[in-house]
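Presented below is the structure to which this report refers.
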Amino acid sequence: MMNTGSRHNRSIPMALLFVLTIIVFLCAPIVGMNTISFSAILHPASGNMESDIFWKIRVPRVCISFLAGAGLAVSGMAFQAMFRNPLATPFTLGVASGASLGASIYVRLGLVFSILGISGISIAAFAGAILSILLVYGLTRARRGFSITTMLLAGVAISFFFSSVILFTQYMSDFSQSFRILRWLMGGLEAVGFESVLNMAPFVISGSAIIIYMTYELNLMMTGEEIAASRGVGVRKTKKILFFATSLMVGGVVAICGPIGFVGMMVPHICRLLIGADHRYLTPATLLFGGAFLTLCDMLARTLIAPAEIPVGIITALLGGPFFIWLLLGKTSSKRGII
Amino acid sequence: MENTIIEIVGFSFSISNRSILQDISFSVKEGEYISIVGPNGAGKTTLLKCLDRIYKGGSGDIRIAGKPLDKYSQKELAQKLSYVPQADGRILPFTVYEFVMMGRYPHLSPFSLPGKRDEEAVHDALEITGIAEFSERLLPTLSGGERQKVFIAAALAQGAKVLLLDEPTTFLDPKHQADVHRLLERANREHGFTVLSVTHDINNAILTSRRILALKDGAVVFCGLTDKFMNNEILNKIYEKSFLFVKHPQTGKTLTVPEVP
């Protein structure tokens with residue numbers, strides 16, 4: 001009997017994902033260079049170093065990595081469905097390049113400022129992200145209609161253009177600036193404190209909420225715009241809402257964490273292989289697995305060669321790549337997962 | 001059953017200044033089975049897409065069930081018309097059941113799960129099309145003929161009483177062609193669906209439909225009963241080619257056969 005990927009075998013991977021998420025959430029803040037006693041966790045007295053490390057550094061960091069992972073993964077999922085392209089990532093439309101350009105210029109100019117507790121580099125990155133979103137939207141609008149292909153091409157073109165400007169900026173920088181830019185491009189979750197969590201959360205929560213609200217539309221968009229329209233989807237409006245919600249979410253994440261690669265492209269594929277393509281189930285699974293996966297990767301990134309840290313983007317690809325290939329070679333994948 | 005469901009008056013449509021449809025007028029009554037024929041590029045598919053507002057705009061007047069097309073929301077329209085596109089080898093990673101259930105979209109609100117009525121509609125659609133037995137299979141594992149039935153089932157499940165089909169039997173083997181024609185006839189006769197089907201198969205258009213609409217270069221060249229259609233005066237005008245005719249041994253209807261040099 002061939003695996004038909006029917007409805008009832010969805011509950012086991014879903015339950016496993018829930019358990020994984022809870023385990024990761026409980027373990028990640030405890031694991032680290034310094035061991036932390038339970039009494040320090042339960043009695044958060046200020047001045048106690050252990051409890052400070054736990055509550056002021058590790059817990060916010062776990063929250064940040066979970067939010068970032070969930071946001072990037074669900075954005076990738078939405079773009080893959082909307083563009084009907086398995087290679088789409090949250091960064092396909094140039095949001096990450098825009099953000100990176102903003103960050104590089106900030107570093108190159110040697111600026112140091114912060115507004116309302118938000119670091120200047122994040123503000124610069126977010127401004128870059130907004131710039132690229134507006135450019136892609138403007139270019140798509142300039143050619144009458146709102147064609148997916150035009151949007152995709154505009155995004156890719158802007159991505160390439162910004163990337164060369166980043167390289168140029170880096171080339172014109174001194175050694176330490178150049179290294180800071182490179183380090184930013186690798187992505188990282190070093191942002192400390194709950195301010196970053198509070199800055200990122202609105203983007204991820206509102207973006208995810210909109211995507212959860214539109215799961216039926218995502219399913220239909222994946223079958224093609226014509227079928228979607230004939231089933232009653234307002235295709236143009238749906239594309240616009242998804243484009244802005246997803247891009248803003250990516251912008252909010254990238255502004256704080258930099259362009260962490262791999263999560264946004266591979267997590268949705270992995271979830272599709274496990275759960276199937278129905279976005280009513282795929283969306284929560286992608287949010288959970290994206291969050292848990294990035295949290296896990298970050299835990300490894302900060303402990304493997306402690307006290308130094310490995311850029312988390314390296315871990316995501318090293319861990320996720322082989323796992324994805326293993327799934328891809330599995331027996332259900334050829335029919336199930338890939339769009 | 002004699003209510004007009006679709007009424008088109010003086011409709012023209014163009015894409016980037018190239019005229020595709022010119023001054024189309026015709027109407028469809030509830031419960032009719034109409035075939036739309038014409039050479040490649042005549043605008044048949046465009047006409048279906050304009051009716052279903054996959055293409056928006058155009059000038060002239062289109063009314064569905066008496067209400068102007070542009071007064072419909074896309075969801076309301078989907079409750080009146082459903083559309084089966086031309087087969088393209090697109091891989092859709094859904095099960096048959098999931099895909100047919102997606103036809104219920106115009107009846108669902110964002111957070112509501114499909115209810116009893118939706119399940120019944122899907123069940124009925126699977127029964128009419130005879131695909132209930134493989135409802136749990138994934139679309140990419142199906143043959144072209146099976147897949148076409150799934151697309152028709154999804155359109156039936158949508159609960160719209162007018163079916164727009166774009167070459168439903170192209171690429172199918174003779175058995176599956178007959179299957180699809182039979183199930184469309186059943187949907188039409190027993191379940192009250194109005195059928196508008198674009199086709200290049202003139203013989204089947206004659207055998208299945210009551211009326212034929214022929215388009216050429218974006219304009220109507222024939223609109224009438226099937227038995228008025230089968231003569232070289234009309235067919236020559238449409239296809240710029242002469243035809244040979246024979247009588248169908250069972251029904252006595254006039255059909256065409258290929259000419260031998």
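The values are calculated or read from the model by the stated rules, or taken from the named source; none is laboratory data. What you see is a predicted model; the values in this text were computed from it and never measured. For neighbour counting, all protein chains shown are included, and Cβ atoms are generated from backbone atoms with ideal geometry for every residue, glycine included. Ligands, DNA and RNA are stripped out before the accessible areas are found, and what is left, the full protein with its side chains, is counted by its heavy atoms. Shrake-Rupley method; radii C 1.70, N 1.55, O 1.52, S 1.80 Å.
A few remarks follow.
- Each of residue A:38 and residue A:87 was given a label point 7 Å from its Cα along the Cα-to-Cβ line. The distance between the two points is 5.2 nm.
- What separates the Cα centres of segment B:201-249 and segment A:105-123 is a distance of 73 Å.
- Heavy-atom accessible area with a 1.4 Å probe sorts A:55, A:326, largest first, into A:326, A:55.
- Computed 3J(HN,Hα) for segment B:65-73, one whole-Hz value per residue from the Karplus formula 6.51 cos²θ - 1.76 cosθ + 1.60 where θ = phi - 60°, is 6, x, 9, x, 4, 6, 8, 8, 7, glycine and proline marked x.
- Scattering curve values for segment B:12-58, log₁₀ I(q)/I(0), Debye with Cα scatterers, q = 0.20, 0.31 Å⁻¹: -0.73, -1.35
- Lys, Arg +1 and Asp, Glu -1 on Cβ, resulting dipole of segment A:211-339 about Cα centre, debye, nearest 20: 360 debye
- Distance between segment A:221-271 and segment A:291-322 - C-alpha centres, whole angstrom: 25 Å
- Threshold 50 Å², segment B:86-119 residues less accessible with all protein chains present than alone (1.4 Å probe): B:90, B:93, B:94, B:98, B:102, B:105, B:110, B:111
- When both segment A:150-196 and segment B:1-20 are represented by their alpha-carbon centers, they are found 51 Å apart.
- Size of the A/B contact, given as accessible area buried on both chains, probe 1.4 Å, in Å²: 3100 Å²
- Accessible carbon and sulfur surface of segment A:208-339 relative to its total accessible area, %, 1.4 Å: 71 percent
- Accessible surface, segment B:4-258, averaged per residue in Å² (probe 1.4 Å): 43 Å²
- Per residue, the convex hull spanned by the alpha carbons of the protein assembly as shown comes to 190 Å³.
- With a 10 Å cut-off around each Cβ of A:219-229, the average count of Cβ atoms from other chains is 6.
- Heavy-atom accessible surface of chain B: percent carbon and sulfur, 1.4 Å: 50 percent
- Carbon plus sulfur fraction of accessible area for segment A:58-163, probe 1.4 Å, in percent: 71 percent
- For the listed residue pairs A:237/B:71; B:149/B:247; B:49/B:116, the alpha carbons are over 22 angstrom apart in B:149/B:247; B:49/B:116.
- Measuring only protein heavy atoms, the 1.4 Å probe finds residue A:74 accessible over about 0 Å².
- Two-decimal ratio, segment B:121-261, of alpha-carbon radius of gyration to 2.2 N^0.38 Å: 1.16
- Helical segments meeting 18 Å axial Cα length and Kyte-Doolittle 0.0 threshold in chain A (DSSP H): A:11-27, A:59-83, A:95-108, A:120-142, A:148-171, A:194-213, A:235-257, A:279-303, A:312-329
- Burial ranking of peptide ranges A:224-236, A:19-31 (average Cβ count within 10 Å, highest at the top): A:224-236, A:19-31
- A crude spin-label estimate for the pair residue B:189 and residue B:9, with each label 7 Å from Cα along the Cβ direction, gives 3.6 nm.
- Per-residue extension of 0.36 nm, minus the Cα-Cα distance of residue A:163 and residue A:19, leaves a gain of 47.9 nm for this segment.
- Within chain B, helix-based [θ] at 222 nm, where runs of 4 or more DSSP H residues each add -39,500 (n - 2.57), nearest 500: -8500 deg cm²/dmol
- Residue B:217 versus residue B:124: modelled label distance in nm, points set 7 Å from Cα along the beta carbon direction: 4.5 nm
- In chain A, taking the dipole from charged Cβ atoms about the Cα centre, the farthest positive-side position among A:169, A:218, A:77 is held by A:218.
- Cα gyration tensor category, rounded, prolate or oblate, for segment B:4-258 with a/c compared to 1.5: oblate
- Descending principal axes extents, chain A, alpha-carbon based, whole Å: 63, 51, 33
- Here the calculated FRET efficiency for residue A:143 and residue A:213, from their Cβ-Cβ distance with R0 = 25 Å, stands at 0.30, rounded to the nearest 0.05.
- Once the Kirkwood radius over Cα pairs is known for segment A:144-273, the Stokes-Einstein relation at 37 °C and 0.692 mPa s delivers a diffusion coefficient of 190 µm²/s.
- Ranked by solvent-accessible area (1.4 Å probe, protein heavy atoms only, all chains present), the residues A:163, A:247 order from largest to smallest as A:163, A:247.
- Accessible area in square angstrom per residue, chain A, 1.4 angstrom probe: 43 Å²
- Number of partner chain Cβ atoms within 10 Å, mean per residue of B:228-239: 0
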